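Report on one structure; see the data block that follows.
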Amino acid sequence: MSITAAPVAAKDRFESLDVLRGIAVLGILMVNVQAFAMVFTAYQNPPSHMDFTGANQTAWFFQHVFFEMKFITLFSAMFGAGIVLMVGDGPDSSTKVHYRRMLWLLAFGLVHAYALWFGDILFTYALAGMIVVLFRRMSVGKLVFWGLFWTALTGLLMLAMFGSFALLPEGMGAEDVNMALGAEALASQVAAYQAGWLDSRGYNALGAIIGQLGALAFAGRIIGVMFIGMALFKSGFLLAKWSAGRYFIYALIGLGLGLPLVWWGAEHALATGFALGGMWVHTTTNYVGSLLMAFGYAALVMLACKAPWMAIIRAPFRAAGRMAFTNYLTQSIVMVFIFVGPPGLGLYGTMERVEQVQLVIAVWIAQLIVSVLWLQVFRYGPFEWLWRALTYGKLHPILKERAAA
């Protein structure tokens with residue numbers, strides 16, 4: 001039987017996929033907020049910008065241990081699962097529509113990266129999606145093997161990069177390897193972002209170019225995790241089809257192994273003051289631990305999706321997941337308005353980490369509420385609707401009443 005790529009109808013949606021996607025898109029903001037509010041070096045080398053003592057240090061520890069790389073891993077796995085869901089994995093599956101979707105996603109990514117925020121992931125996802133779809137017919141075992149292979153290979157490249165810092169000549173500091181900015185360069189970048197959107201575009205464009213080249217160089221992890229996402233979809237793991245006991249055991253394994261590893265790495269980073277020679281430790285432990293923790297998180301979500309009494313709790317996250325594309329882009333719009341100057345508020349370089357966490361929680365609450373209310377009236381989020389319209393070359397009904405008629 002021929003399978004034709006088409007929009008997923010509401011009746012064909014899997015609640016577990018929407019819930020996990022919603023949690024993933026909310027979780028990535030807890031990490032991304034640092035790149036919106038502070039200079040880029042503060043991500044890998046937190047003491048390089050603003051206060052890093054007391055509660056702000058605790059806020060970083062919380063972000064690093066529980067969020068950094070965990071939710072983008074979930075988001076990538078869900079993207080892979082979505083490819084199998086929409087394109088199908090049979091021999092007659094058509095990829096023509098899929099490539100149109102990816103080309104439009106690429107266009108969205110370029111606009112997002114240069115007009116809004118340099119940390120865009122859509123550009124990389126679009127390119128990875130064009131490659132990953134070619135392997136969707138692989139068996140679950142092969143998808144897991146190659147997913148782990150590419151993820152491990154990228155991890156070794158990252159280890160080599162950060163490990164090379166330990167070989168630097170004595171006297172070289174964080175500024176010499178772009179892990180910190182000098183006082184003048186830092187002040188100039190902060191001033192540009194506070195001055196206004198137009199003034200900040202030069203720095204943003206440079207960040208976007210470096211980010212896209214870096215993402216391509218280390219795309220193995222994204223591709224590998226998408227492979228694993230396809231495998232988890234095919235196996236029924238992401239469809240909440242496994243037994244509750246099995247999910248509980250996998251959650252214990254994933255979090256039981258991953259959390260202590262990441263925690264220890266974060267403690268090591270703090271104890272050494274993020275010294276260049278030891279930076280490979282917390283980056284590597286988090287690289288490995290984030291995979292285990294993301295798997296544990298996913299197992300917990302699947303367990304929650306099997307519990308009827310949690311339906312009311314799942315509902316807002318399911319709505320956020322159905323509007324994940326819109327929520328991802330609106331996060332950027334809101335953050336750019338808050339942190340970049342006129343027409344925005346220009347709070348770049350002024351909001352400490354504790355306040356950033358508070359801001360993210362406020363955005364979470366707003367997006368959960370808005371997602372539920374929006375889908376009471378509309379079939380799709382606004383950007384989902386636009387993406388579908390561009391992909392299929394026609395305007396799908398967006399109002400629920402019109403669709404019913």
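Numbers for the structure displayed
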| quantity | calculated |
| --- | --- |
| Of the criteria (1) out of contact with any Phe, Trp or Tyr (no Cβ under 7 Å at 6 or more places or on another chain); (2) farther than 21 Å from Phe71 by Cβ; (3) open to solvent by 70 Å² or more (accessible area, probe 1.4 Å), which one Gln358 fails | (2) |
| Boolean, Ile72 is in a helix (DSSP H, G or I), β-branched (Val, Ile, Thr), under 27 Å from Ser235 (Cβ atoms) and without any contact (Cβ under 8 Å) to a residue 60 or more places away in the chain | yes |
| Helices (runs of 4 or more DSSP H) completely within region 305-405 that count 3 or more residues being in contact with a helix residue (DSSP H, G or I) (Cβ under 7 Å, 6 or more places away or on another chain) | 311-322, 324-339, 353-377, 382-392 |
| Search result, residues across region 221-259 that are loosely packed, with under 15 Cβ neighbours inside 10 Å and either among the acidic types (Asp, Glu) or in contact with a Lys or Arg (Cβ under 7 Å, 6 or more places away or on another chain) (or both) | Ala244 |
| Pairs, first touching a residue at least 60 places away in the same chain (Cβ under 8 Å) and under 16 Å from Ser200 (Cα atoms) in region 329-340, second open to solvent by 20 Å² or more (accessible area, probe 1.4 Å) and in a helix (DSSP H, G or I), C-beta under 6 Å, six or more apart | Ser332/Leu116; Val336/Leu116; Val340/Trp197 |
| Residue count, region 260-281 (criterion: more than 14 Å from Trp60 (Cβ to Cβ), touching a residue at least 40 places away in the same chain (Cβ under 8 Å) and either open to solvent by less than 50 Å² (accessible area, probe 1.4 Å) or more than 26 Å from the chain's Cα centre (by Cα) (or both)) | 4 |
| Which numbered condition Phe274 fails, given (1) on the phi > 0 side of the Ramachandran plot; (2) assigned to a helix (DSSP H, G or I) | (2) |
| Residue selected from region 138-170 under the condition of a type outside the set (A, V, I, L, M, F, W, C) and surrounded by fewer than 18 Cβ atoms within 10 Å (Cβ to Cβ), by the criterion nearest to Ile222 (Cα to Cα) | Lys142 |
| Criterion: in contact with a Ser or Thr (Cβ under 7 Å, 6 or more places away or on another chain) and open to solvent by 20 Å² or more (accessible area, probe 1.4 Å) - qualifying residue of Phe295, Phe218, Phe317 | Phe218 |
| Phe135 being open to solvent by 30 Å² or more (accessible area, probe 1.4 Å), within 19 Å of Thr95 (Cβ to Cβ) and either in contact (Cβ under 8 Å) with a residue 60 or more places away in the chain or in contact with a Phe, Trp or Tyr (Cβ under 8 Å, 6 or more places away or on another chain) (or both) | yes |
| Boolean, Gly129 is open to solvent by less than 50 Å² (accessible area, probe 1.4 Å) and touching a residue at least 24 places away in the same chain (Cβ under 8 Å) | yes |
| Selection within region 55-77 - of a type in the set (Phe, Trp, Tyr) and either open to solvent by 20 Å² or more (accessible area, probe 1.4 Å) or within 24 Å of Ile228 (Cα to Cα) (or both) | Phe61, Phe62, Phe66, Phe67, Phe71, Phe75 |
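The values are calculated or read from the model by the stated rules, or taken from the named source; none is laboratory data. Please read these numbers as outputs of a predicted model, since none were measured by experiment. Glycine also receives a Cβ, built like all others from the backbone with ideal geometry; neighbour counts cover every protein chain displayed. Accessible surface areas use protein heavy atoms only, side chains included; no ligands, DNA or RNA. Shrake-Rupley method; radii C 1.70, N 1.55, O 1.52, S 1.80 Å.
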